[in-house]
Protein chains: 2
Amino acid sequence: MDTALRLLNEVGLEGLTLRTIARELDVKAPALYWHFKDKQALLDEMATEMYRRMVAGTALDPDDTWRERLLKANRGLRAALLGYRDGARVFSGSRFTGTEHAEQMEDVLRLLTAAGLTLAQAARATSTTYLYTLGFVTEEQGVQPLPGERREGYDMDERARLLADFPLAAAAGAEIFADYDRHYEEGLALLIAGIGAQYGID
Amino acid sequence: MDTALRLLNEVGLEGLTLRTIARELDVKAPALYWHFKDKQALLDEMATEMYRRMVAGTALDPDDTWRERLLKANRGLRAALLGYRDGARVFSGSRFTGTEHAEQMEDVLRLLTAAGLTLAQAARATSTTYLYTLGFVTEEQGVQPLPGERREGYDMDERARLLADFPLAAAAGAEIFADYDRHYEEGLALLIAGIGAQYGID
DNA sequence: AGTAGCACTTAACAGCGTTAAGGAGAGTGC
DNA sequence: GCACTCTCCTTAACGCTGTTAAGTGCTACT
């Protein structure tokens, strides 16, 4: 897992072949089949390990308000996904192998229901923020594989030229394809404001 | 494009090989390279065509309120993505080839700014709802490739057994992995409520 | 009649995930 | 001390993938 995750950051999801991983481990590719049923099982395990490291790296306070908790949990998730090239795609294409993820979820749901939400509302709130975060980072990593790098084909000047006939869309694009940190926060704030308003809690 | 999109629904993104498409067209695989630079260019064109059909299939009223417009546009997007197996993954892994998509975007932005939002706010509102919808459908299609079908490995009974120690998470899961239509609407409503509240418009 | 360009074929390449068969080495039971 | 079992790996191969190179008819124009 350690080798696979390190390699993921170097070569990306597309370059992450069984032969590459095996070579890094001084082993031949079929040897991996002793440890994993197939490549998907390996990716599942990678996603689970990413999640484990995320939980370990996110400090959660039991006295968080529901707003604080949703903010922290989702920021933590985004940070974890951004820590790996194609992190969001690996994540959303895989399933967790254990039940550890349920632990944090249980905790969040307990906190949200204690704050006055019904279970259904709490589930909707966590799920919606989760899906937003995942969608956001997926797009973000499509443009910016690792913080600092930029994928080719996203030339903003050319985009501006092409969209000359659509001034609002052109200006909005400049807005959208830059400063991801701030824009993520704004979107998340919208969602949390919506939860408060719609479910009548603060 | 027509053949490729039809085939996508039959065999899924994984089964959509150049040889399959070529066979369906009574042609050999390398012939496709006369028309497309590479497979990604073909996928980009497929995504663009999906978008075109979406626009054609979504009735937009110029007198929509901003809430109606955001609802319609995102429902239309979800419906379009659900119309193709792995639609969301094709979509988020590709880039539009033309500038047609800017037209609808321009329209939405004009409507939102006319309703009292700044351009930055309008961009944030559209982008956040878009990313939510994309994230939602990506997960939805991971469980349910086409409406009616269900991917294997999502046995709710077994899930309930595994999560016996986490009653809230178990109950929330039953909530989350079913009735996608309703849950999508609820999440979208949360977001739109948040936009109204945060930006002080109705 | 000759030339240019279009749309295609055949052949091949390296690389992919995966399977089958077998082998070295440690540990256990008699 | 020998046989057996289990673990972890290797070698060889399979069918498949996207992609390139080279060549082949066909149409249209000069």
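Only Cα pairs under 8 Å and 6+ residues apart enter the sum, and on that basis the relative contact order of chain A stands at 20 percent.
Sorted from closest to farthest, the other copies place their A:Arg75 label points 3.6 nm away, with each point set 7 Å from Cα along Cα→Cβ.
Note: relative contact order over the range B:33-120, using C-alpha pairs below 8 Å and six or more positions apart, is 39 percent.
Please report the carbon-and-sulfur percent of the accessible area for the range B:58-199; probe 1.4 Å, protein heavy atoms only, DNA, RNA and ligands left out. Carbon-and-sulfur percentage of accessible area, whole number: 52. Comparing each chain alone with all protein chains together (probe 1.4 Å, DNA, RNA and ligands left out), the residues of the range B:132-148 losing at least 40 Å² of accessible area are B:Tyr132, B:Glu139. Here the Karplus relation 6.51 cos²θ - 1.76 cosθ + 1.60, evaluated at θ = phi - 60°, turns the backbone of the range A:187-202 into coupling constants of x, 4, 5, 4, 5, 5, 4, x, 4, x, 5, 5, 9, x, 10, 9 Hz, with x for every Gly and Pro. Working note: Debye formula, equal point scatterers on the alpha-carbon atoms of chain B, no solvent; log10 I(q)/I(0) at q = 0.10, 0.11, 0.15 Å⁻¹ is -0.53, -0.63, -1.00. Can you return the lysines within cross-link range of A:Lys28? Criterion is Cα-Cα under 27 Å, with same-chain partners fewer than 8 residues away left out. Partners within reach: A:Lys37, A:Lys39.
Here the Karplus curve 6.51 cos²θ - 1.76 cosθ + 1.60, taken at θ = phi - 60°, turns the phi angles of the range B:157-163 into couplings of 5, 5, 4, 4, 5, 4, 9 Hz, with x standing for Gly and Pro.
Residue order by solvent-accessible surface for A:His35, B:His101 is A:His35, B:His101, largest first, with ligands and nucleic acids left out and a 1.4 Å probe. Between A and B, roughly 4300 Å² of accessible area is buried in total, ligands, DNA and RNA not counted and the probe set to 1.4 Å.
Label 7 Å along Cα→Cβ of A:Glu175; the range B:71-106 residues with amide nitrogen under 16 Å? Under cut-off, by backbone N: B:102-106. Taking the charge dipole of the range B:58-199 about its Cα centre, with +1 at Lys and Arg Cβ atoms and -1 at Asp and Glu Cβ atoms, the residue from B:Gly187, B:Ala171, B:Leu146 reaching farthest to the positive side is B:Gly187.
For the range B:11-24, putting each phi into the Karplus relation 6.51 cos²θ - 1.76 cosθ + 1.60 with θ = phi - 60° gives couplings of 10, x, 4, 5, x, 7, 9, 4, 5, 4, 4, 4, 4, 5 Hz, in residue order, rounded to whole numbers and with x for Gly and Pro.
Here A:Lys37 yields copy-to-copy label distances, from shortest upward, of 4.0 nm, the label point defined as 7 Å from Cα along Cα to C-beta.
Per residue of A:104-110, other chain Cβ atoms within 10 Å of the residue Cβ number 5 on average. The base-10 log of I(q)/I(0) for the range B:113-202, evaluated at q = 0.18, 0.20, 0.22 Å⁻¹, reads -0.87, -0.97, -1.07 [Debye formula, identical scatterers on Cα atoms, solvent excluded].
Given the Cα-Cα distance of B:Arg161 and B:Lys72 and 0.36 nm per residue of separation, how much length would full extension add, in nm? Provide the component values of the computation, followed by the final result.
Details: separation 89, 0.36 × 89 = 32.04 nm, distance 3.92 nm.
Working it through step by step, the gained length comes to 28.1 nm.
What is the calculated FRET efficiency for B:Asp2 to A:Asp63, with r their C-beta to C-beta distance and R₀ = 60 Å, to the nearest 0.05?
Efficiency for this residue pair is about 0.55.
In the protein assembly as shown, if the dipole is taken from +1 on Lys/Arg beta carbons and -1 on Asp/Glu beta carbons about the Cα centre, which of A:Tyr132, B:Tyr33, A:Met46 is farthest to the positive end? The residue sitting farthest along the positive end of the dipole is B:Tyr33. Among B:Leu77, B:Leu42, B:Leu119, the largest mean-square fluctuation in a Gaussian network model of chain B, built with springs joining Cα atoms closer than 10 Å, belongs to B:Leu119. Put a plus charge on the Cβ of each Lys and Arg, a minus charge on the Cβ of each Asp and Glu, and nothing anywhere else: the dipole of chain B about its Cα centre is then about 500 debye. Shape summary of the range A:1-40, radius of gyration then Dmax from alpha carbon positions: 9.4, 25 Å.
Per-residue ellipticity at 222 nm computed for the protein assembly as shown from its helices equals -22500 deg cm²/dmol, with DSSP H segments shorter than 4 residues left out and the rest contributing -39,500 (n - 2.57). Pick from A:Ile176, A:Ile21, A:Ile192: which residue has the top mean-square fluctuation in a GNM of chain A where Cα pairs under 10 Å get a spring? Comparing A:Ile176, A:Ile21, A:Ile192 in a Gaussian network model of chain A, the most mobile one is A:Ile176.
Taking the Cα centre of the protein assembly as shown as origin and assigning +1 to Lys and Arg Cβ atoms and -1 to Asp and Glu Cβ atoms, the resulting dipole is close to 680 debye. For the options B:Ala29, B:Ala115, B:Ala172, a Gaussian network treatment of chain B with springs between C-alpha atoms closer than 10 Å singles out B:Ala172 as fluctuating the most.
With Cα atoms as the point set, the radius of gyration and Dmax of the protein assembly as shown evaluate to 21.5, 65 Å.
For A:Leu16, no residue 5 or more places off, or on another chain, has a built amide H under 5 Å of its own. In the context of the full set of protein chains, the range A:61-199 has a per residue accessible area of 41 Å² (1.4 Å probe). With the simple spin-label model, which puts each label point 7 Å out from Cα in the Cβ direction, the A:Arg110 to A:Ala189 separation comes to 3.2 nm.
The values are calculated or read from the model by the stated rules, or taken from the named source; none is laboratory data. Please read these numbers as outputs of a predicted model, since none were measured by experiment. We place every Cβ from the backbone using ideal geometry, glycine too, and count neighbours over all the protein chains shown. These accessible areas exclude ligands, DNA and RNA; they are computed on the full protein's heavy atoms, side chains included. Shrake-Rupley method; radii C 1.70, N 1.55, O 1.52, S 1.80 Å.
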